[in-house]
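Structure record follows, encoded as C-alpha cells.
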Amino acid sequence: MRDMVCRGLLLMLHRAGEIELPAIRYRPPNPLAQRERPQPMLIDTTPLTCALRDIRPILLEQARKTADEPMFNSLMEQHHYLGYEQPVGEHLKYLVWARGRPIACMAWSSAPRHLASRDGYIGWSAEARRRNIRFVAYNTRFLILPWIRVPHLASHILGRVAAALSADWQRMYSHPVYFAETFIDPGRFRGTCYRAANWVLMGRTTGRGKASNSYIPNRSIKEVLGLALTPRFRELLSEL
C-alpha cells in the first residue's frame, strides 16, 4: 500500500548520502518522454489562391479519435512553427477541408487554471474558477497550410469553429464550454483574424511561466484574447 512512499524515502536518503542503493538494473521506458514524432504524410500541396466563395462549401471535421487524427498530427508537426504537441486532458482537433483536400487545422485543449487577465475579464471568484474552469476552452494551435492563399479564410474558420465548439465538446466530454481563449505572440502576429472574428483583447501575460519563482519575465509577453460562446457566459461561469 505504501510501496512508492518507501521507494521515495529510500531515494531521498540515497541522494542525501545516508545510504547507498545498488546500481539501477532496469529503467522502464517512458512512452510520454520518448514519444515518436508524427511522420510526414503525402497530401496535395498544389498552391491554392482564390476568393473564399470559390472554395465553398468548406467542411469542418472534428478529427479527435478518428482515422484522420494522424493526418492532423502530421500537418501540425510539419507546418506549424511550434510543431505538434500531444495535448493533456480534454482536447479537440479540427481539420478543415475544401475541394477534397485539407486546408487548415485547429487544436483546442483545457484552459490554464490561473490567468489574471482572463479571470478579471470574466469576474469570477477563485472558488467559481476552480469549479468551472472546465467550461473554458483554450485554442492552442491554428494553422492555415502554407500553400493556401484565400483572403478572409482564417476569420471564417474561427467563426465556424466557435459555432460548433460547445456542441462538439459536449459530445466528446459530456459537458459544454461557454468561453474560448487564446494567446497571441505580438512579436510574430497581429491577431487580425481573431479580431475580425469578434475575439476581444482581455490583457497580456506577465511573461513569467507557472514554474517561475521571481517577478522577472523569462519568456515573451503575449496578448490574451477571448470569445464568449454564449451571452450568459459570466453568469454560467460564476455559478457555485
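For Met41, Met12, what ranking results if the residue with the fewest other Cβ atoms within 10 Å of its Cβ goes first? Let's see the in-between values first.
Working: Met41 14, Met12 11.
The fewest-first ordering by Cβ neighbours comes to Met12, Met41.
Just check the range 132-186 against the gyration tensor rule for me: Cα atoms, a ≥ b ≥ c as the square roots of the eigenvalues, rounded for a/c under 1.5, and otherwise prolate or oblate depending on whether a/b exceeds b/c. Walk me through the numbers on the way to the answer.
On the way: a/c = 2.70, a/b = 1.79, b/c = 1.51.
Prolate, because a/c is 1.5 or more and a/b exceeds b/c.
Shape class of the range 78-165 from the alpha-carbon gyration tensor: prolate, with a/c at 1.5 or above and a/b greater than b/c.
For Val88 and Arg131, FRET efficiency with R0 = 22 Å and r from the beta-carbon atoms, rounded to 0.05? Don't skip to the answer; put the middle values down first.
Values: r = 20 Å, r/R0 = 0.92.
Efficiency, rounded to the nearest 0.05: 0.60.
Two numbers describe the Cα atoms of the chain: Rg and Dmax, which are 21.6, 73 Å. Take every DSSP beta bridge whose two residues both sit in the range 1-149; close to 90 percent of them are antiparallel. Amide H contacts of Arg204: Val224, each under 5 Å away and 5 or more positions distant or on a separate chain (H built 1.01 Å from N in the peptide plane; Pro and chain starts excluded). Look at the dipole of the chain built from charges on Cβ: of Leu201, Ala228, Ala167, the Cα furthest out on the positive end belongs to Leu201.
Among Met106, Met4, Met76, Met71, which comes first, second and so on when ranked by fewest other beta-carbon atoms within 10 Å?
On the way: Met106 25, Met4 8, Met76 21, Met71 18.
With the sparsest Cβ surroundings first, the list reads Met4, Met71, Met76, Met106.
If neighbour count is taken as other Cβ atoms inside 10 Å, put Trp97, Trp199 in order from fewest to most.
Fewest-to-most ranking of Trp97, Trp199: Trp97, Trp199.
Between the Cα long axis of helix 153-173 and the first principal axis of the chain there is an angle of about 50°, rounded to the nearest 10.
Taking 0.36 nm per intervening residue step and subtracting the Cα-Cα distance, what contour gain separates Leu52 from Tyr173 on full extension?
Roughly 40.3 nm would be gained on extension.
Does the range 20-126 classify as rounded, prolate or oblate by the C-alpha gyration tensor (a ≥ b ≥ c root eigenvalues; a/c under 1.5 gives rounded; else a/b over b/c gives prolate, otherwise oblate)? Since a/c reaches 1.5 but b/c is at least a/b, the shape of the range 20-126 is classed as oblate.
Taken together, the values in this text are just the output of simple stated rules run on the coordinates, not laboratory data. These numbers come from a predicted model, not from an experiment. Reconstructed Cβ throughout: ideal geometry from the backbone, glycine too, with neighbour counts over all protein chains shown.
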